[in-house]
Amino acid sequence: MTIAPDDARRDASHYGAMREFVQSMDDTLPGKFEITKEGIVHDMMAPVGPHELTTLRVRKRLEKVMPEDLVAHTGTPDVEDQAEGIMRHPDVMVIAEADMEVEGAFDPRTLIAAIEVVSRSNPDNDWVGKTRDYPLLGIPVYAIFDPRTGAGAVLTEIHPTPNGPRYATRKDFLYGEDVTIGEWTISTEQLPRYP
């Protein structure tokens, strides 16, 4: 029998309490809940038209160029790593259909890419928090589309740093340019901007 150190047991208990709270609030309060090392993130605003339209267009464009056994998934469940104490919900997850055949949350290490459309109400969640959390979860490609600025970035090549795993490469793009996410290149033409 292995006994976890006190701080590991405390961290697991703390994460369990946050997870229980998030599950109890899911259908009660508007918005989306996620769990990070810093605590619970609550994006109170429901996604608006430009956010949802960007998500739809990116998903459809990716699925046109990807092999049939891969999907650009936009629904539930979340991706979760209980050991890291992180539960996130990417706007689009590139994943093999076979890796979706699980009960509960997806294993983040099965994702080929995570794609976020920046929220107008909480841009730091996508640009800062998820830039930190996705390499911790082992997600090899993270693409960010920002309707506030009409620009974005693709982050790749996870490498160790004194602050934990981070992405080593960042390729910025402007709306209107082609962007490569993983092995697939799509257009960013006609992606909407926030007013």
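The values are calculated or read from the model by the stated rules, or taken from the named source; none is laboratory data. These figures come from a predicted structure and were not determined experimentally. Here the Cβ positions follow ideal geometry from the backbone for every residue, glycine too, while neighbour counts run over all protein chains shown. Quick note on the areas: whole protein, heavy atoms, side chains included, nothing else; ligands and nucleic acids left out. Shrake-Rupley method; radii C 1.70, N 1.55, O 1.52, S 1.80 Å.
Taken together, 61, 109 contain a single residue that is at pLDDT 90 or above and within 26 Å of residue 146 (Cβ to Cβ), which is 61. Please indicate, with yes or no, whether at least one residue in the range 138-156 is outside any helix (DSSP H, G or I) and acidic (Asp, Glu). Yes; the residues of the range 138-156 include at least one that is outside any helix (DSSP H, G or I) and acidic (Asp, Glu). Among the residues making up the range 87-107, those that are in contact with an Asp or Glu (Cβ under 9 Å, 6 or more places away or on another chain) and within 20 Å of residue 182 (Cβ to Cβ) are 88, 89, 90, 91, 92, 96, 97, 98, 99, 106, 107. Criterion applied to 136, 155, 174 was being touching a residue at least 24 places away in the same chain (Cβ under 8 Å), more than 19 Å from residue 92 (Cβ to Cβ) and surrounded by 13 or more Cβ atoms within 10 Å (Cβ to Cβ), and the one residue passing it is 136. Only one entry of 100, 93 meets the criterion of being open to solvent by 30 Å² or more (accessible area, probe 1.4 Å) and either under 14 Å from residue 77 (Cβ atoms) or touching a Ser or Thr at 6+ places or on another chain (Cβ under 8 Å) (or both), and that entry is 100. The single residue among 69, 81, 126 that is over 21 Å from residue 54 (Cα atoms) and open to solvent by less than 30 Å² (accessible area, probe 1.4 Å) turns out to be 81.
In a residue-by-residue description of the range 185-193, the property of being modelled with pLDDT under 95, touching a strand residue (DSSP E or B) at 6+ places or on another chain (Cβ under 9 Å) and surrounded by fewer than 20 Cβ atoms within 10 Å (Cβ to Cβ) applies to no position.
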